[in-house]
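Structure first, then comments.
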Amino acid sequence: MRRTLLAPPRPPVAAPVAEARPPSLRSRERLDSPATASERRRPLFHPRRGWFRRLERALSLYLANAVHPRIPGISVPYDRQLRRSLTLSEAEICLAGLAPALDGMRILLITDVHAGPFVSPCVLAETFEKLIRLRPDLVLLGGDLTTSRVVDFLRSSEAFAALHAPLGVYAVFGNHEYYTRQPVRLREEIEATGIRVLHNAWAAVERGGKLLALAGVDDLILGRPDLDRALDGAPDPVVLLSHNPDLLFEAERRGVALMLSGHTHAGQLRIPGLPVLCRQSRYRLDEGRYRAGSTELVVSRGLGAVGVPWRMACPPEAVLLQIRSER
């Protein structure tokens, strides 16, 4: 009797899975030409003092620490908006005295991330991956990386650690870094991810044997900014990273070529077609490009949100700049 030998059953073959990639940026736009900045201050506004600012700060801290983390699913609305509405704004900026070897350098500016209850670590990681695929030469983080707790930064630390660029990743402190009440520990945790914090200091960014001076200052509201110390010994031209744009006129008097800022959220909640309702700048430096003398300023709307997990008529933004030598 013949026996039929049966081959052992084959394991099921899984269908090929395409590599998971985050969707590309939904919107790209060019920044307008710089507007002329005015040093005329808004009346009845001071960034540090006054009952309204104290009340606003106390309420923001209470909600961020005691209320928002306890609400299930609070990140869902802003996760969705960040995925759908993230805008990349682009511009070319000429810097007087920029060496030809540095011509064309691409700088990615990311501000006001506000890691915390409103954005989940996985969506933040996805967002950073989209931006790093732009292949910038240099990544600059303009402050407010977290909302009010060190633990919120730690939960998203892998996303921050994945940020990379050939010429490095640098950051400065914003006012929300001080809301944690642990700024020294937070700085250590930030630098543990490979991001260098510029605290009233400058660093030499080198390409083709030529140097670009990148300076960073402490927060204007809750920190101790020292522009003289930040610029001490820095060669021209200088790119200055300052969370608060209101340092513009002081930077102009010290010959800074380009200043990059955030902080304002461009109002975050706006009525379409109307000016910013809730301004965070004494000089109305809300968003986009400005010029004071020979100094140019770029203010980003920022990536995250505070107060409520939503933006209206003011989508989240990252900025990609290409710096050019004068021809």
Fluctuation leader among Val169, Val308, Val139 - the chain, Gaussian network, Cα springs under 10 angstrom
Val308
Compute the Cα gyration tensor for the range 38-183, then decide on rounded, prolate or oblate, letting a ≥ b ≥ c be the square roots of its eigenvalues: rounded whenever a/c is under 1.5, prolate when a/b is larger than b/c in the other cases, and oblate in all that remain.
oblate
Taking Cα atoms only, helix 51-62 is inclined relative to the longest principal axis of the chain by an angle, in degrees rounded to 10, of 20 degrees
Contour excess over end-to-end distance, with Cα ends at Val151 and Met312 and 0.36 nm allotted per residue:
55.2 nm
Taking the alpha-carbon centre of each part, the distance from the range 135-180 to the range 312-327 in Å is 18 Å
Distance (nanometres) between label positions extended 7 Å along Cα→Cβ at Ala204 and Tyr62:
5.2 nm
Return the Rg/Rh ratio of the range 74-325 with Cα-based radii and a Kirkwood Rh.
0.94
Point-to-point label distance, Ser294-Ile71, nm (Cα→Cβ direction, 7 Å offset)
4.9 nm
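Read-outs throughout are calculated quantities, based only on the coordinates presented, and are distinct from any laboratory measurement. Note that this is a predicted model, so its numbers are computed, not measured. Using ideal geometry, Cβ is built from the backbone for each residue, glycine included, and neighbour counts are taken over all protein chains shown.
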